[in-house]
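To start, the structure under review is shown below, and the notes come after it.
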Amino acid sequence: MTNCDVVIVGGGIGGISAAARLAADGGSVILLEAESTLAYHTTGRSAAQYLENYGNDTVRRLTLMTRPFLEPFLGPRPLLQIGREARIDDLRARVEHAIELVPSTEFVDGETARQLFPLLAPDIAGGLYEPDSQDIDVAALHQEYVRWFRAEGGTILASASVRSLTRSEGRWRVEAGEHTIDAAIVANAAGAWGDQVATLAGAEPLGLYPLRRTIAIASIPDGHDPNDVARWPLTSFEPDEGPMVGYCKPEPGGLMVSPADETPSEPCDAKPEEIDVALGLHNLSEYTTLDVHHVRSTWAGLRTFTADRTPVSGFDPEIDGFYWLVGQGGYGIHTSDALAQVAAANIGQTDWPSHLVDIGLSSADLAADRASLFGPLIDGH
Ligand SMILES: Cc1cc2nc3c(=O)[nH]c(=O)nc-3n(C[C@H](O)[C@H](O)[C@H](O)COP(=O)(O)OP(=O)(O)OC[C@H]3O[C@@H](n4cnc5c(N)ncnc54)[C@H](O)[C@@H]3O)c2cc1C
């Protein structure tokens, strides 16, 4: 039997970032991953974008506080959220709210939007422009957390699916793959499987919502200067009312297209459905002058939300020594370091770093027993 302070369940960005921060603070930490490689599930399937105006204000604060760690892995990729005339008042109001935390955000009219992305449909009337949004090199970022964790003495055990969690005399006995581990604390960073891992520990599930999202890489038609294409923003399509219906951004091998789908799913190895790929291409043709029928590759991943679409980083209220680090939804990469700092402080029983407090975050925002976790899933975007 191996002993340690903290076992982390899950080797995606949530688990590895918290593992690195905890180990750097001096804890002995073992990270367990069910798959043979880390980042196989949602972390390896994202749109790899850093967005300061995405999600609610708690998420946006976590994002801003993660930026310093992400800086070496970022490259410019502005955000343009566009709509037709019927959506313009709403987009202007969104800009008014956005500038309180992100002052560089601005409203752009249709002509300016077309200068930024010349392929917009002629009746696009304008939108929200976030000039400082970025591409993220997610693989390199994840690798950096792995390198840092190992350098701090952390242990990673892959092909180690946690199948039993038993608490006695203030310690956990963790059975995973061929391993048995004795630990003071178990941190649940199991993504879509978060409720299943909690059930093993005897904790009440949070009712997490794994929602499938699809991505296709389409070929960019001939005739576009690659230097111009490389500068196109991430462009999201806002219908006259309701949540966004898709987005696109240039990728080294083509154009990334998503219908921004949110299809409820069991935790699983998510696969793209043809109908969602077709919807992505259809919506692209509704908001741009692009008419794409062929795609080079497709994938899907599960964005796992809590009911209030805010992550949880806090101890279970009932089960001693059980920590939740789940519900990172569509923003788990660009909130990773702030959530990891919160986890390290809570688990290590130290004060939160002052920059997290100063920006207005509090433990109540991320607690595992907040009332808003137990209502219906709120609308997303
Ligand atoms: C299409 C798409 C686009 C996205 N775009 C963005 C974006 O642009 N920017 C952004 O910030 N975020 C984005 N996201 C969201 C982001 O990818 C997620 O929030 C983040 O990856 C979640 O990380 P995680 O570690 O919680 O989950 P995961 O990466 O899924 O990791 C959880 C791990 O737990 C393991 N596990 C489960 N059960 C067990 C067990 N019993 N024992 C051991 N291990 C177990 C799993 O195998 C898995 O590897 C996107 C997601 C998708 C799908």
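What follows is calculated from the coordinates using simple rules that are stated; it is not laboratory data. Since the structure is predicted, the reported quantities are computational estimates derived from the model, not experimental observations. FYI the Cβ positions are ideal-geometry reconstructions off the backbone, even for glycines, and counts take in every protein chain you see.
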- Computed lengthening from residue 286 to residue 96, 0.36 nm per intervening residue step minus Cα-Cα distance: 65.7 nm
- Karplus-derived 3J(HN,Hα), 6.51/-1.76/1.60, for each residue of segment 358-366, Hz, glycine and proline x: 4, 7, x, 7, 9, 4, 4, 4, 10
- Query: How far apart, in nm, are the 7 Å Cα→Cβ label points at residue 372 and residue 294?
  - Reply: 4.7
- How much FRET efficiency would the formula 1/(1 + (r/R0)^6) give for residue 175 and residue 362, where r is the Cβ-Cβ distance and R0 is 35 Å, rounded to 0.05? 0.45
- Item | Computed label-point distance, nm, for sites residue 271 and residue 104 using a 7 Å Cα→Cβ extension | 4.2
- Taking the chain and counting helices only, DSSP H stretches of n ≥ 4 at -39,500 (n - 2.57) each over all residues, the nearest-500 ellipticity at 222 nm comes to -8500 deg cm²/dmol
- Between residue 379 and residue 85, take the C-beta separation as r, use R0 = 22 Å, and let me know the FRET efficiency to the nearest 0.05. 0.45
- Please compute the net charge surrounding residue 21, taking Lys and Arg as +1 and Asp and Glu as -1 over other residues with Cβ under 15 Å from its Cβ. -4
- Note on the structure: Treating every alpha carbon of the chain as one equal point scatterer without solvent, the Debye formula yields log10 I(q)/I(0) values at q = 0.07, 0.08, 0.09, 0.15 Å⁻¹ of -0.31, -0.41, -0.51, -1.31
- Query: Residues of segment 1-34 with amide nitrogen under 13 Å from the 7 Å Cα-to-Cβ point of residue 137?
  - Reply: none
- Message: Sort 249, 271 by Cβ crowding within 10 Å, fewest neighbours at the top.
- Response: 271, 249
- Message: Considering only C-alpha atoms, what is the centroid distance from segment 156-232 to segment 28-106, in Å?
- Response: 19
- Item | Percentage relative contact order, the chain, counting C-alpha pairs under 8 Å, at least six apart | 23
- Task: With springs connecting C-alpha atoms under 10 Å apart, model the chain as a Gaussian network and identify which of 13, 347, 333 has the largest mean-square fluctuation.
- Result: 347
- Contour minus Cα-Cα distance for residue 240 and residue 57 (0.36 nm per residue): 63.5 nm
- Which residues' amide hydrogens lie under 5 Å from the amide hydrogen of residue 288, considering only partners 5 or more residues apart or on another chain, with H built in the peptide plane? 121
- Among all helices in the chain defined by DSSP H, which have a length of 30 Å or more along the axis from Cα atoms plus a Kyte-Doolittle mean of at least -0.5? none
- Note on the structure: Most exposed to least, judged by fewest other Cβ atoms within 10 Å, 33, 130 sort to 130, 33
